[in-house]
Amino acid sequence: MIINIDKPSTVSIGDHVVLNSVVSKNSLEARGPVIIKSLSPSARITIGPETGITSSTISAVIDVSIGARVLIGSGCIITDSDHHIVRPQEGSSRRHLGLPAAEPHHAVTIEDDVFIGARSIVLKGVTIGRGSVIGAGSVVSKDIAPNTIAAGNPCMPVGKVGE
């Protein structure tokens, strides 16, 4: 596990959270450490109780909030930033421009009882509603309603939980 905190940002991890990087402790696989990174002094990362995360990266410039009893599969990326300027001024190199400006609407919220399949990517500004399931390998770029099964690139609803 790697936790990198840009002070005075905050990382809050609830009770009974499992951060798994061990192959034998996961039914699919674990490919490396869980990485939790705050990238600015005002960043906030919150992980609710009884959540399980395997070999995934969570990074925040502004705010990433993960609810209770969330399962995050191996190799996922959850971030509230593009990490590079998307449209640099002509003649400028993205490489040395630093992080783009943080905006409150870039925050990521994953509500309680969500399951995110392996190798999924959750991008800035997204809310995944309570009880939803995200299929493996999905790229979540828009909000997902509660109790929705969604998958793909881009991630789209394909059903409802319990139907």
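The values are calculated or read from the model by the stated rules, or taken from the named source; none is laboratory data. In this text, all values refer to a predicted model and were calculated from it rather than measured experimentally. Cβ placement follows ideal geometry from the backbone for every residue including glycine, while neighbour counts extend to all protein chains displayed. Remember, those area values only see protein heavy atoms, side chains included, never the ligands or the DNA or RNA. Shrake-Rupley method; radii C 1.70, N 1.55, O 1.52, S 1.80 Å.
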| query | Could you list log10 I(q)/I(0) for the chain at q = 0.15 Å⁻¹, which the Debye formula gives when each Cα is one point scatterer? | reply | -0.78
| field | Gain in span if fully extended, Glu163 to His105, counting 0.36 nm per residue against the direct Cα distance | value | 17.7 nm
| Can you give the accessible area per residue of the chain, in Å², using a 1.4 Å probe? | 53
| message | With a 1.4 Å probe and all protein chains left in place, how much of the accessible area of the chain comes from carbon and sulfur atoms, in whole percent? | response | 54
| field | Per-pair calculated FRET efficiency, R0 = 35 Å: Asp82 and Lys7 via Cβ, rounded to 0.05 | value | 0.90
